[in-house]
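Everything on this sheet refers to the single structure shown next.
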Amino acid sequence: MDAKPSTTSPDPFEIVQLYKFLRVTDVSDGMDGYGYFSRGLMDPAIRPLWLGMKFWGVAFTLRCVPARRPMWPLNDPEKILDAHGIWFHEIGKHSWQQGVKAGHVIITDSGGTPECGLWGSENTMGMMERGAAGIVTDGHCRDTAEVALQKTPVCARARGRTIVPGRIEVIESQVTIGCGGVQVQPGDIVGCDDDGVIAVPLELAEKVALAARMILLKDMRDREKHYARLGLPRDSTIDYETAEKYYASLR
């Protein structure tokens, strides 16, 4: 009797380990190799808020929509300070934060909401305390100078200034969403570097990572030869020995 095919889903938190050292371009090339041409690349407008940012993680998805009613005038400094609390008490609040685990990347579908700083310097740090690897939004992030100073890993379409009440609502979490023109499902592998953001469907993620690894290591070796001929000092981008040692340890 033939064995039944396995119905066990791959563990994304194990698979994401295969992505260490990989660049967005390596992964994009790997997806091309399997016929997923540009499929996972998010709109280039969604970019890291500071240079040198790089992360890989497991997608935790949020679906948001524009608020359908405005915030009402509060006319009192104490009430203004508690604007978020008053807003959420009135309209309700989808509690999702407790679901975030170490290694998650929070992918936010803003639903086309106009300028609104759903993410900012304080609440993004709260997610880092929970172990999140990064945050990606097709909307806005505010307090961006502080985000950069803190080195909080946030990718956003634009920089914003306004607050949540009367502007945006989180409706669902851990559902299929669209972000930057890409479908993202919970558990997909998502990463960024200075070239942008890419999402890899979980069902493809292992074989794409293996192809991308070969592409990266070849590029490292080829670039090392240029470094040597030009008399440049070695740096981590051509340290293929360390990358090979790491990948060998995963076997």
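The values are calculated or read from the model by the stated rules, or taken from the named source; none is laboratory data. Predicted, not measured: the structure shown is a model, and the values here were computed from it. Positions of Cβ are generated from backbone atoms using ideal geometry, with glycine treated the same way; all protein chains shown enter the neighbour counts.
Do we have Arg68 as assigned by TED's automatic domain parsing to the domain that holds Val27 and either out of contact with any Lys or Arg (no Cβ under 7 Å at 6 or more places or on another chain) or assigned to a helix (DSSP H, G or I) (or both) here? Taking the combined requirement at face value, the residue satisfies it.
Among residues belonging to the range 82-100 that are in a loop (DSSP other than H, G, I, E, B) and in contact (Cβ under 8 Å) with a residue 60 or more places away in the chain, point out the one that is nearest to Gln17 (Cα to Cα). Steps first, please.
The initial filter retains those residues of the range 82-100 that are in a loop (DSSP other than H, G, I, E, B), namely 82, 92-96, 100.
This time we only want the ones that are in contact (Cβ under 8 Å) with a residue 60 or more places away in the chain, so: 93-94, 96.
Working: Lys93: 34, His94: 31, Trp96: 25 Å.
The extreme case among them is Trp96.
In the condition set (1) surrounded by fewer than 11 Cβ atoms within 10 Å (Cβ to Cβ); (2) on the phi > 0 side of the Ramachandran plot, Gly103 is compliant with all but (1). The residues listed here are Lys79, Lys20; of these, the one that is assigned by TED's automatic domain parsing to the domain that holds Asp138, in contact (Cβ under 8 Å) with a residue 24 or more places away in the chain and of a type in the set (D, E, K, R) is Lys20. For the range 105-131, a residue qualifies if it is in contact with a Phe, Trp or Tyr (Cβ under 8 Å, 6 or more places away or on another chain) and of a type outside the set (Ser, Thr, Tyr), and the qualifying residues are Val105, Ile106, Ile107. If only residues of the range 144-172 that are among the hydrophobic types (A, V, I, L, M, F, W, C) and either part of a strand (DSSP E or B) or outside the structural domain of Glu129 (by TED's automatic domain parsing) (or both) are counted, the one that is farthest from Trp96 (Cα to Cα) is Ala158. Could you go through the range 149-167 and let me know if any residue there is loosely packed, with under 15 Cβ neighbours inside 10 Å, out of contact with any Asp or Glu (no Cβ under 8 Å at 6 or more places or on another chain) and closer than 21 Å to Thr137 by Cα. Among the residues of the range 149-167, at least one is loosely packed, with under 15 Cβ neighbours inside 10 Å, out of contact with any Asp or Glu (no Cβ under 8 Å at 6 or more places or on another chain) and closer than 21 Å to Thr137 by Cα, which makes the answer yes.
Checking the conditions here, which among Glu169, Glu146 is over 13 Å from Pro48 (Cβ atoms), in contact with a helix residue (DSSP H, G or I) (Cβ under 6 Å, 6 or more places away or on another chain) and in contact (Cβ under 8 Å) with a residue 24 or more places away in the chain? Walk me through it before giving the result.
On the way: Glu169 fails: in contact with a helix residue (DSSP H, G or I) (Cβ under 6 Å, 6 or more places away or on another chain).
None of the other options fit; the residue is Glu146.
Within the bounds of the range 54-76, is there any residue that is aromatic (Phe, Trp, Tyr) and buried (at least 22 other Cβ atoms within 10 Å of the Cβ)? Show your work before the answer.
From the range 54-76, those aromatic (Phe, Trp, Tyr) are 55-56, 60, 72; that's our starting set.
Of the ones still in play, those that are also buried (at least 22 other Cβ atoms within 10 Å of the Cβ) are 56, 60.
Yes: the range 54-76 contains one or more residues that are aromatic (Phe, Trp, Tyr) and buried (at least 22 other Cβ atoms within 10 Å of the Cβ).
For Trp56, the criteria (1) touching a Phe, Trp or Tyr at 6+ places or on another chain (Cβ under 6 Å); (2) part of a loop (DSSP other than H, G, I, E, B) hold in every case but one, which is (2). Set side by side, the residues Ile198, Ile163, Ile238 differ, and just one is closer than 30 Å to Lys93 by Cβ and of a type in the set (A, V, I, L, M, F, W, C), which is Ile163. Here Val175, Val136 are screened, and the one residue that is at pLDDT 95 or above, exposed (fewer than 15 other Cβ atoms within 10 Å of the Cβ) and either assigned by TED's automatic domain parsing to the domain that holds Leu118 or hydroxyl-bearing (Ser, Thr, Tyr) (or both) is Val175. Evaluated against (1) surrounded by fewer than 16 Cβ atoms within 10 Å (Cβ to Cβ); (2) in the same structural domain as Ser95 (by TED's automatic domain parsing); (3) more than 18 Å from the chain's Cα centre (by Cα), Asp235 falls short on exactly one condition, (2). Taking the range 102-125 as the range and being under 24 Å from Ala67 (Cα atoms), more than 11 Å from the chain's Cα centre (by Cα) and outside any loop (DSSP other than H, G, I, E, B) as the test, the residues that pass are Asp109, Trp119, Ser121, Glu122, Asn123, Thr124.
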